[in-house]
Amino acid sequence: MYRQCFYSWVQVLILLILVLSLWWIFGYLGGFIPGATQLLWLLNWHQILMLLAFAACFANAAIVFRMVEAPLTAQTTLHYVYQFLCLALIVLGLTAVVTWKVLESGVPEEETSISSNSFYTFHSWVGMFTILAFLAQLVLSLSRDWKDQYSQMTIILIVFTCVCATVAMITGIEDVVFYRYIDGLISYSNYPLEGILVNSLCILLLLLLLLVTWVWFRVSYSATDRSAYTELDNTDNTHTVRPMKGVNV
């Protein structure tokens with residue numbers, strides 16, 4: 001019972017993160033519609049796509065085996081649906097930010113190659129590590145059977161991806177706020193609502209990271225030892241997660 005309640009609270013937290021993100025983007029950054037004189041809308045797409053990829057899809061993929069009580073085949077299907085949705089959103093998010101960089105430089109796209117100084121911020125570096133870690137754990141999980149997917153290396157990569165993704169999202173948000181502050185669009189001495197909104201969003205992202213890592217390291221149900229929690233359902237020959245007698249879940 002507590003597992004279902006906890007999973008519901010994670011979904012509520014993800015929803016709050018997305019609501020605050022959309023509020024910030026539409027209320028202060030101009031939304032997603034192309035503007036006549038600025039390209040910020042492309043950067044807005046990058047932000048929301050990456051938030052959807054990691055705060056929504058990857059966070060759910062990371063906890064689905066531990067939090068969703070369902071047959072193993074259903075858990076596995078849901079896990080990989082989240083994983084590949086995350087991959088698709090990453091591709092779209094990278095496309096948005098690269099397009100923004102190209103158009104911002106004023107150089108035609110066909111005459112431009114992405115150079116190292118296009119990604120020089122700490123946010124960009126952490127973002128690249130996040131994507132590499134995500135791809136590594138995805139390849140590892142696809143190359144082995146179910147039990148091997150949750151080897152120590154895969155667990156490390158999943159947690160590392162969660163940590164890096166959280167750092168990348170927070171630093172990306174703070175980069176936007178910093179440049180708006182430098183341009184005189186924000187004055188923190190007046191305690192603007194935008195500052196409170198952005199700080200709240202970053203706190204929620206940290207809280208989501210805390211909950212996901214807590215699932216991995218504190219919840220007694222362990223995906224590496226499903227034998228204690230799995231019974232064979234003789235009616236349909238499928239494995240269904242049920243707590244065995246004497247096992248505290």
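Structure above, values below:
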quantity	calculated
Test for W125: is it at pLDDT 90 or above, over 18 Å from I170 (Cβ atoms) and either out of contact with any Phe, Trp or Tyr (no Cβ under 7 Å at 6 or more places or on another chain) or not β-branched (V, I, T) (or both)	no
Test set (1) at pLDDT below 90; (2) in a helix (DSSP H, G or I); (3) open to solvent by 60 Å² or more (accessible area, probe 1.4 Å) - I33 fails condition number	(2)
Looking only at the stretch 172-195, and only at residues there that are open to solvent by 30 Å² or more (accessible area, probe 1.4 Å) and at pLDDT 80 or above, the one that is farthest from W45 (Cα to Cα)	L193
Enumeration of residues in the stretch 41-77 that are without any contact (Cβ under 8 Å) to a residue 24 or more places away in the chain and farther than 22 Å from T161 by Cβ	W41, N44, A74
Hits in the stretch 9-18 - residues which are hydrophobic (A, V, I, L, M, F, W, C) and open to solvent by less than 80 Å² (accessible area, probe 1.4 Å)	V10, V12, L13, I14, I17, L18
Failed condition for T154, given (1) open to solvent by 90 Å² or more (accessible area, probe 1.4 Å); (2) within 20 Å of T73 (Cβ to Cβ); (3) among the β-branched types (V, I, T); (4) modelled with pLDDT of 65 or more	(1)
Verdict on F6 being modelled with pLDDT under 95, in contact with a helix residue (DSSP H, G or I) (Cβ under 9 Å, 6 or more places away or on another chain) and open to solvent by less than 70 Å² (accessible area, probe 1.4 Å)	yes
Qualifying residue in the stretch 214-233 (condition: surrounded by 15 or more Cβ atoms within 10 Å (Cβ to Cβ) and modelled with pLDDT of 90 or more)	no
Unmet requirement for E69, which otherwise passes all of (1) assigned to a helix (DSSP H, G or I); (2) closer than 22 Å to F217 by Cα	(1)
L140 being part of a helix (DSSP H, G or I), at pLDDT 80 or above and more than 15 Å from the chain's Cα centre (by Cα)	yes
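Per-residue answers, yes or no, for (1) among the aromatic types (F, W, Y); (2) modelled with pLDDT under 95:
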site: H46; (1), (2): no, yes
site: L49; (1), (2): no, no
site: A61; (1), (2): no, yes
site: R66; (1), (2): no, yes
site: P71; (1), (2): no, yes
site: L78; (1), (2): no, yes
site: Y82; (1), (2): yes, no
site: L85; (1), (2): no, no
site: L89; (1), (2): no, no
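The values are calculated or read from the model by the stated rules, or taken from the named source; none is laboratory data. Given the structure is predicted, the values throughout are model-derived calculations rather than measurements. Glycine gets a Cβ as well: all are built from the backbone with ideal geometry, and neighbour counts include every protein chain shown. Remember, those area values only see protein heavy atoms, side chains included, never the ligands or the DNA or RNA. Shrake-Rupley method; radii C 1.70, N 1.55, O 1.52, S 1.80 Å.
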